[in-house]
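Trainee: A single structure is presented below for examination.
The values are calculated or read from the model by the stated rules, or taken from the named source; none is laboratory data. Just so it is clear, the model here is predicted, and its values are computed rather than measured. Positions of Cβ are generated from backbone atoms using ideal geometry, with glycine treated the same way; all protein chains shown enter the neighbour counts. Surface accessibility is based on the protein's heavy atoms, side chains included, excluding ligands, DNA and RNA. Shrake-Rupley method; radii C 1.70, N 1.55, O 1.52, S 1.80 Å.
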Amino acid sequence: MTVYISHEVRGRDLSNALAFGELEILVPANIQVATDSDADAVADMVADRLEGFSEEDYLLLAGDPVCIGLACAWAAEYNDGRFKVLKWDRLEERYLPIQIDMWNEERVSND
């Protein structure tokens, strides 16, 4: 199991996420998306790093909103619209796993 961090945020302690798997950063902190060409390069980077994404893996959504969107889009692409995210519960002080199914038949209609 791997926890993919959408965008590295320096100084943030993410060690509690280790309970869900090995941590892997998709986009390093020194990279930002400021132009269309930046977005294309980061999209390619995220796609490459998530290529093996599966039901066992998680996304930890942090940092640049563009990186967050790209991580969700590629995870869904590689896993038939399904992916899990870790949401920090500040009251419980722990991560909560949340499963998302983009193509849930109850929500998606072919009419």
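Trainee: For residues that are modelled with pLDDT of 95 or more, buried (at least 17 other Cβ atoms within 10 Å of the Cβ) and within 19 Å of residue 65 (Cα to Cα), tally how many sit in the stretch 15-33.
Mentor: Total meeting the criteria: 3.
Trainee: Would you be able to say whether some residue in the stretch 102-110 is modelled with pLDDT under 95, surrounded by 13 or more Cβ atoms within 10 Å (Cβ to Cβ) and either of a type in the set (S, T, N, Q) or not in a helix (DSSP H, G or I) (or both)? Steps first, answer last, please.
Mentor: Taking the stretch 102-110 first, the residues modelled with pLDDT under 95 are 102-110.
If we keep only those that are surrounded by 13 or more Cβ atoms within 10 Å (Cβ to Cβ) too, we end up with 102.
If we keep only those that are either of a type in the set (S, T, N, Q) or not in a helix (DSSP H, G or I) (or both) as well, we get 102.
For the stretch 102-110, residues modelled with pLDDT under 95, surrounded by 13 or more Cβ atoms within 10 Å (Cβ to Cβ) and either of a type in the set (S, T, N, Q) or not in a helix (DSSP H, G or I) (or both): present.
Trainee: Of all residues in the stretch 12-44, count the ones that are in contact with a Cys (Cβ under 9 Å, 6 or more places away or on another chain) and not in a loop (DSSP other than H, G, I, E, B).
Mentor: Final tally of qualifying residues: 1.
Trainee: Another question about this same structure. Could you check, for the stretch 61-73, whether at least one of its residues is in contact with a helix residue (DSSP H, G or I) (Cβ under 9 Å, 6 or more places away or on another chain), open to solvent by 70 Å² or more (accessible area, probe 1.4 Å) and under 22 Å from residue 27 (Cα atoms)? Spell out the reasoning first.
Mentor: Within the stretch 61-73, the subset in contact with a helix residue (DSSP H, G or I) (Cβ under 9 Å, 6 or more places away or on another chain) is 61-62, 64, 66-67, 70-71, 73.
Filter once more, so that each one left must be open to solvent by 70 Å² or more (accessible area, probe 1.4 Å): none.
No, the stretch 61-73 contains no residue that is in contact with a helix residue (DSSP H, G or I) (Cβ under 9 Å, 6 or more places away or on another chain), open to solvent by 70 Å² or more (accessible area, probe 1.4 Å) and under 22 Å from residue 27 (Cα atoms).
Trainee: Check residue 27 against each of (1) without any contact (Cβ under 8 Å) to a residue 24 or more places away in the chain; (2) in contact with a helix residue (DSSP H, G or I) (Cβ under 6 Å, 6 or more places away or on another chain) and name the one condition it does not meet.
Mentor: Going through the list (1) without any contact (Cβ under 8 Å) to a residue 24 or more places away in the chain; (2) in contact with a helix residue (DSSP H, G or I) (Cβ under 6 Å, 6 or more places away or on another chain), residue 27 breaks only (1).
Trainee: Hey, can you tell me all the residues within the stretch 3-22 that are closer than 17 Å to residue 96 by Cβ and among the hydrophobic types (A, V, I, L, M, F, W, C)?
Mentor: Passing the criteria: 3, 5, 14, 17, 18, 19, 20.
Trainee: I need the full set of residues from the stretch 1-55 which are out of contact with any Lys or Arg (no Cβ under 9 Å at 6 or more places or on another chain) and of a type in the set (D, E, K, R), in order please.
Mentor: 8, 10, 12, 13, 22, 36, 38, 40, 44, 48, 49, 51 - these are the residues of the stretch 1-55 that are out of contact with any Lys or Arg (no Cβ under 9 Å at 6 or more places or on another chain) and of a type in the set (D, E, K, R).
Trainee: Go through the stretch 74-98 and give me each residue that's in a helix (DSSP H, G or I), free of Cβ contacts under 8 Å to residues at least 40 places away in the same chain and open to solvent by less than 60 Å² (accessible area, probe 1.4 Å). Lay out the reasoning, then the answer.
Mentor: From the stretch 74-98, those in a helix (DSSP H, G or I) are 74-78; that's our starting set.
Filter once more, so that each one left must be free of Cβ contacts under 8 Å to residues at least 40 places away in the same chain: 74, 76-78.
76 - this is the single residue of the stretch 74-98 that is in a helix (DSSP H, G or I), free of Cβ contacts under 8 Å to residues at least 40 places away in the same chain and open to solvent by less than 60 Å² (accessible area, probe 1.4 Å).
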